[in-house]
1. Could you please report the charge total around Asn252, scoring K, R as +1 and D, E as -1 over all other residues with beta-carbon less than 13 angstrom from its beta-carbon?
2. With both bridge residues required to lie in the chain, what share of the DSSP beta bridges run antiparallel, to the nearest 5%?
3. For the chain, what is the accessible area per residue in Å² when the probe is 1.4 Å?
4. Multiplying the sequence separation of Lys41 and Asn252 by 0.36 nm and subtracting their Cα-Cα distance, what value in nm do you get?
5. Arrange the residues Thr46, Thr120 by how much accessible surface each exposes, largest first, with a 1.4 angstrom probe.
6. Using modelled amide H (1.01 Å from N, peptide plane; none on Pro or chain starts), what sits under 5 Å from the amide H of Asp54, excluding residues fewer than 5 places away?
7. Roughly how many debye, to the nearest 20, is the charge dipole of the chain about its Cα centre, given +1 on each Lys and Arg Cβ, -1 on each Asp and Glu Cβ, and no other charges?
8. With a 1.4 Å probe and all protein chains left in place, how much of the accessible area of the stretch 98-252 comes from carbon and sulfur atoms, in whole percent?
Amino acid sequence: MKLSEIFRATLLLFIALLLAVPAFAGEVRISAAASLTEALKELVDTYQQQHPDDRLLPNFASSGTLAKQIVAGAPADIYIAANPKWLDYLQQQGMITRGSEQVLLRNRLVFVGAPDRKITGLQDLPALQRIALASPKSAPVGKYAEQALTAAGLYPQLLAGEKIIFAKDVRQALLYAERGEVDGAFVYHSDALLARQVKQLFVVPQELYPQVVYPAALTKQGAGKPAAQQFLAYLSGSDARQVFQRYGFFFN
């Protein structure tokens, strides 16, 4: 065999070996509720500095959208929702590792609008023209808002008056308010802290809707990945909690 042929055969074997081994043995894909975007990105950056062999790939959207993506075959090792409904849905589909579930965080529902608006509670909403909330069909924050407005006897009235503008998730609802495209929006407390053009006008009474909890779990795909198990444990640790608290989340 000629030297060039030996070199070519060796090169092909080397390439084949590279393709057979994942570039990152610790690759972890995280599907997380949109309201966690900034906090989780910071935690991912910090964790990867401490674990350079791991590669963390977060994907942010509404909880329902993410759950449906996972059922459709999208890769995910860790799932973090903004309410238990969508985690339950994935459990029913056989996509979640039993025993890995935990309540990671809590939040609360608030209403934001321009600082000069004289809005102090739900009773002031019928006087507004356009109110943004994330779609209750896929975004937990929208479902919480729908439940609160229904309990207050306002939801049918606002719908009939075509005053509700539906957004794909909480961040789009906040964006509508920031741009002045609506008079106000229902968002989480943590999202209100990120706003620049609007401010929190009132907190929605807790007795009108269920508590906002963020359940997290390993998917069946992530169950066999030590890197996924370790990162989920990190998210419930004291260092991560300090970051989450800084972004407006709480734990009891």
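1. +3
2. Counting DSSP beta bridges with both partners in the chain, the antiparallel share is about 50 percent.
3. Solvent-accessible surface per residue comes out at 50 Å².
4. Contour length minus Cα-Cα distance gives 73.7 nm.
5. Thr120, Thr46
6. Here the answer is none, since no amide H 5 or more places off falls under 5 Å of that of Asp54.
7. Result for the chain is approximately 220 debye, rounded to the nearest 20.
8. Looking at the stretch 98-252 in its full context, I get 48 percent from C and S.
The values are calculated or read from the model by the stated rules, or taken from the named source; none is laboratory data. A quick note: this is a predicted structure, and the numbers were derived from the prediction, not measured. Don't worry about glycine lacking a Cβ; one is built from the backbone with ideal geometry, like all the others, and counts go over all protein chains shown. Accessible surface areas use protein heavy atoms only, side chains included; no ligands, DNA or RNA. Shrake-Rupley method; radii C 1.70, N 1.55, O 1.52, S 1.80 Å.
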